[in-house]
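The values are calculated or read from the model by the stated rules, or taken from the named source; none is laboratory data. This is a predicted model, so every value here is computed, not measured. Glycine also receives a Cβ, built like all others from the backbone with ideal geometry; neighbour counts cover every protein chain displayed. SASA here: full protein model, heavy atoms, side chains in, ligands and nucleic acids out. Shrake-Rupley method; radii C 1.70, N 1.55, O 1.52, S 1.80 Å.
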Amino acid sequence: MRFVSSLKSKIILSVSAILAVIIGTGTWINIGYQRAQMESALEDNVLIISNTIEKSLANAMLDGKSKEVQHILDAVGTYRNIHELKIFSPSGVILKSSKAWLIGRKVDAATEKWFREGQFKRPIKRPDEGVFSVLTPIENTEKCIHCHGSATKLNGVLSVDVSMAQMQEKVGELSKTMVLWACGITATLALSLGLFLTRFVTEPIQDLIATMERAERGLEARAEVKSSDDIGRLGEAFNSLLSKLERARRRVERYHYEQMKRADRLASIGEMAAGIAHEIKNPLAGIAGVVQLLKKDIPSGDPKRAVLDEVLSQVERMDKAVRNLLAFARPPEPRMTLVDVNAIIGKLIDFLSPQFARHGISAERRLTAGLPWLVMDPDLMQQALLNIALNAIRAMPEGGKFAVETRTEAPAGDVPGVIKIIFTDSGEGISSENLGRIFSPFFTTRQQGTGLGLSITQRIVEQHNGELSVKSTPGMGATFTIILPLPKNEQGTRSV
């Protein structure tokens, strides 16, 4: 919940900042544009005022009313936006002015400079003084010669200074108004965005989070989908996920229940089998002893001797089945010691060499030299490896290839290194439906098998904190992999 609120606040602040920048930039540009328009209008007014005063002064002087010139300047100079009106000579001396105390003085340097440069009848902005100035030449025309003579071409210069104060005041008021509008629009948009996010983003996400929290207590929880937008589709997908998880949980519960019942049955069977095996084992030993004695009294060529050999073979098979039952029902405690894995595998291959030869199987060993020694029960591990190898032999009745490989994998972080023992055969393979059942007790595809070999093998590997896995494709053989972890302290003891 806090995360969603924090995220919403960050989004609102970010978008508000962007809106403020955009609207502020637009407002600043608009204020600049309005200022430029007002200045342009003021320039036009300055030109109009200058032309009007010029014509009024010209008419007064042509009518011989030169004294009226000062009156005109005084009268017009009282208007609100008029800063100063003056007439100065080409030498820069002020002849007439709406400010009488300036008469006889020199004009300012800027005005004299503009006069020398001939900048007439064009508005000149003087931002330091806040005025617009227009210089209008008073030329010595034919009508003026009888009074001013013909010695000069210019009788004087009319300077009209119009104040920008009123325009600046309007621009300031406009700026305040537009800034207030911009702040109001930004606040309104930010508030609208906050309400929108709350209604269409924050509330649905908070509902999803609340549903997730309820789902931790029970998968029956469902999110309330109120829209068909992306958030709504997310809610529907989450509800679909919860439904699938609930169905999967029910299947797992049923499977767990079935496995518990099966484990209970297996435990009962194991106890019963152990009792039966114990009762059978001693009589079997007695039968085997009696048969051995009978064989000694029968000549080697007698047909009865073959019958006794077959009886001994069946007794051995029954004894093996009894031992497997006892090993499954009452597994012995491992007797741990330092063991060279390669040495155990080498003895196993040597022991099975006659069987490999008898079945036409080529056996290959790819053992990595210098493997670390492991702490394990050599007898139990040899039994586990023997079970896998015998299964491979039975899977290749017409011959084939058998290989066993050992290799190490380096540790990664807190995960210790491991030794892998990989058995590969080119036999008939394992069907996909049987692949997940081959480690189950009493599962077998052979008529004379007990179905306990691989189950016992898996138990032995797990007693050594290892893992046993299998991969197979029907008709392309099988690969059994045993993974045994190295100790964390020194990652095993190096063979010497």
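Ignoring ligands, DNA and RNA, what percent of the accessible area of the range 334-381 is carbon or sulfur (1.4 Å)?
So the carbon and sulfur contribution to the accessible surface is 57 percent.
What figure in square angstrom, to the nearest 10, would you give for the accessible area of Ser56 with a 1.4 Å probe?
Number for this one is 50 Å².
Going 7 Å from the Cα of Leu367 toward and past its Cβ, which residues in the range 463-480 have a backbone nitrogen under 12 Å from where you end up?
Nothing falls inside the zone, counting backbone N under 12 Å.
At 0.36 nm per residue, and after removing the present C-alpha to C-alpha distance, how many nm does the segment from Val252 to Arg222 gain when stretched out fully?
Here the answer is 8.7 nm.
Label points 7 Å out from Cα along the Cβ direction at Arg394 and Ala75: separation in nm?
Calculated label separation equals 13.4 nm.
Any number yet on Rg/Rh for the range 345-393, C-alpha, Kirkwood?
Dividing the radius of gyration by the Kirkwood radius yields 1.00.
Quickly rank 381-394, 350-363 as a protection proxy: mean count of other C-beta atoms within 10 Å, highest first.
381-394, 350-363
Enter the Cα centre distance for the pair the range 30-60 and the range 333-406, rounded to the nearest angstrom.
Comparing the Cα centres of the range 30-60 and the range 333-406, I get a distance of 110 Å.
At 0.36 nm per residue, minus the direct Cα-Cα distance, what do Asn434 and Val179 gain on full extension? Give it in nm, one decimal, please.
Result for the pair: 83.8 nm of gain on full extension.
Strictly over 19 Å apart at the Cα level, which of Lys55/Lys96; Lys55/Lys170; Lys401/Lys471 would you flag in this model?
Working: Lys55/Lys96 16 Å; Lys55/Lys170 30 Å; Lys401/Lys471 16 Å.
Check vs 19 Å cut-off fails for Lys55/Lys170.
Skipping prolines and chain starts, which residues have an amide H placed within reach, meaning under 5 Å, of the one on Val418, given they are 5 or more residues away or on another chain?
Glu409, Leu486
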